[in-house]
């Protein structure tokens with residue numbers, strides 16, 4: 001689905017937590033009509049802003065798709081991954097109007113690009129990734145599927161990030177480094193060398209954490 005698209009009944013948000021509140025607001029200001037949200041938590045924060053339609057655990061996916069597009073609004077990478085297989089073909093991309101996405105950048109389906117984020121020249125963002133508020137994805141960067149780039153992150157040009165990876169709040173990378181799939185980079189860390197698949201790193205400069 002493309003930014004701003006929605007079905008006749010409005011889009012359904014899957015997840016009503018804090019990230020859901022942010023995405024819901026971005027969708028609305030971007031012109032996407034919203035029908036409501038699903039969440040297993042009866043006190044999900046989004047209930048103050050949007051009506052609750054039911055539980056994620058009771059999701060009747062084929063029936064829902066007869067009437068609604070879908071926006072995945074869960075921030076946790078592992079939980080998102082469990083739902084992507086069921087939702088992938090119909091997930092709506094949401095790009096906040098204050099974000100800058102270069103005309104030469106490629107942003108795939110189901111991606112969220114938050115307020116004041118930057119996706120610069122010739123960068124690519126794979127399906128279902130999160131580019132959160134104020135993050136900077138510099139030129140020729142590559143962001144893997146279902147990866148979460150947290151608020152305030154700055155990736156130097158030609159950085160490559162694998163799938164299902166978390167880059168924590170305010171982290172930095174120097175240009176040209178690679179971070180593998182299923183990694184975690186701690187908040188405020190500075191990555192100056194490649195990070196192997198599955199590693200957790202943190203610090204300035206970032207080093208692997210002993211398990």
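Where a number appears in this text, it was derived from the coordinates with a stated rule and is not lab data. What you are looking at is a predicted structure, and each value in this text was computed from that prediction instead of being measured. Here Cβ is always computed from backbone atoms with ideal geometry, including for glycine, and neighbour counts include all displayed protein chains.
What to note about this one:
- Cα-based helix-to-principal-axis angle, 18-29 vs the chain, degrees rounded to 10: 70 degrees
- Helix 77-87 axis, angle to the chain major axis (alpha carbon atoms, nearest 10°): 50 degrees
- Shape category assigned to region 11-92 from the gyration tensor of Cα positions, a/c cut at 1.5: rounded
- Label selected from (1) 1.11; (2) 0.98; (3) 0.95, the criterion being Rg/Rh (Cα atoms, Kirkwood Rh) as computed here: (2)
- Region 116-206: C-alpha gyration tensor shape, a/c 1.5 cut-off, then a/b vs b/c: rounded
- Considering only 133, 102, 142, the mean-square fluctuation computed in a Gaussian network model of the chain, springs between alpha carbons under 10 angstrom, is largest for 102.
- Here the sum of -39500 (n - 2.57) over DSSP H runs of 4 or more residues, divided by the residues of the chain, equals -4000 deg cm²/dmol at 222 nm, to the nearest 500.
- For region 17-47, backbone nitrogen atoms closer than 15 Å to the point 7 Å from residue 67 Cα along Cα-to-C-beta are found at 34-38.
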